[in-house]
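These notes concern the structure reproduced below.
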Amino acid sequence: MEQLTELELECFQLRHGDGRADRCVDWAVERLRLDQEGDDLNIVLLASARGMDEVLALAEAIIGRYRGDARLEEQFLAGKYLVELRAAYLAGRESVQSLDARLTRLYPALGYPDWLVMLSRNCEYAIDVPDFEQPFEREFDYLAGLWAEAGNVAEFEQQYSRETSNRHDVSAT
């Protein structure tokens with residue numbers, strides 16, 4: 001199944017309140033257009049689905065069918081999402097305020113991963129304290145760069161340095 005990672009990332013975003021159901025529908029429509037649906041009725045149904053609940057249920061069924069127990073890890077999907085958010089931030093489609101809302105939901109949902117501590121903290125503080133904006137941007141750039149290159153969580157963890165993240169603090173500037 002081609003482009004399953006794309007669908008899995010969209011589902012991750014939908015589960016965490018940030019996705020767009022129409023992007024999952026578009027994914028299914030593209031599979032039909034390319035004649036890649038095989039005998040999967042769920043892809044056909046997803047192409048005409050409406051509403052987040054229906055879309056999410058069908059997309060999850062598709063992912064389950066093709067990935068089974070080999071689903072991508074939540075932290076990996078979060079990292080790839082962070083890469084997308086960084087690009088949107090640089091393009092002006094996201095702000096510190098909008099990112100704080102997203103990170104506030106994501107951080108606890110992922111079980112408070114160590115790699116997200118400084119980014120979440122600096123983002124929250126940057127809303128009210130301008131001195132935190134530059135450390136936030138440095139940490140955001142650092143994490144998004146690592147996740148952009150990582151093929152899985154283990155690759156990210158090999159490159160990630162908590163010490164580097166700790167230097168992205170106001171006191172370290």
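The values are calculated or read from the model by the stated rules, or taken from the named source; none is laboratory data. Note that this is a predicted model, so its numbers are computed, not measured. Note: ideal-geometry Cβ built from the backbone for every residue, glycine included; neighbour counts use all protein chains shown. The area values use the complete protein model at the heavy-atom level, side chains included, leaving out ligands, DNA and RNA. Shrake-Rupley method; radii C 1.70, N 1.55, O 1.52, S 1.80 Å.
Whenever you get a sec, line up ILE127, ILE62 from highest to lowest accessible area (probe 1.4 Å, protein heavy atoms).
Descending accessible area places them as ILE127, ILE62.
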Choice from ARG23, ARG33, ARG138 with maximal GNM fluctuation in the chain (Cα, 10 Å cutoff): ARG33
In Å², and per residue, what accessible area does the stretch 38-127 have when probed at 1.4 Å with the other protein chains present? 49
Around PHE12, under 14 Å between beta carbons, what's the net of Lys plus Arg minus Asp minus Glu among the other residues? 0
If I fit a long axis through the Cα atoms of helix 21-33 and take the longest principal axis of the Cα atoms of the chain, what angle between them do I get, 0 to 90°, rounded to 10? 50
Which angle from 0 to 90°, rounded to the nearest 10, does the C-alpha axis of helix 117-126 make with the longest principal axis of the chain? 70
Determine the share of the chain's accessible area contributed by carbon and sulfur atoms, expressed in whole percent, with a 1.4 angstrom probe. 48
Working note, the chain: Cα radius of gyration (Å, one decimal) and Dmax (Å, whole number) are 17.7, 58
About the Cα centre, charge dipole magnitude for the chain (Lys/Arg +1, Asp/Glu -1 at Cβ), debye: 160
Give the angle, between 0 and 90 degrees and rounded to the nearest 10, that separates the Cα long axis of helix 74-90 from the longest principal axis of the Cα atoms of the chain. 70
Note on the stretch 1-70: alpha-carbon gyration tensor, axes a ≥ b ≥ c; rule is a/c under 1.5 for rounded, else prolate if a/b larger than b/c, else oblate; result oblate
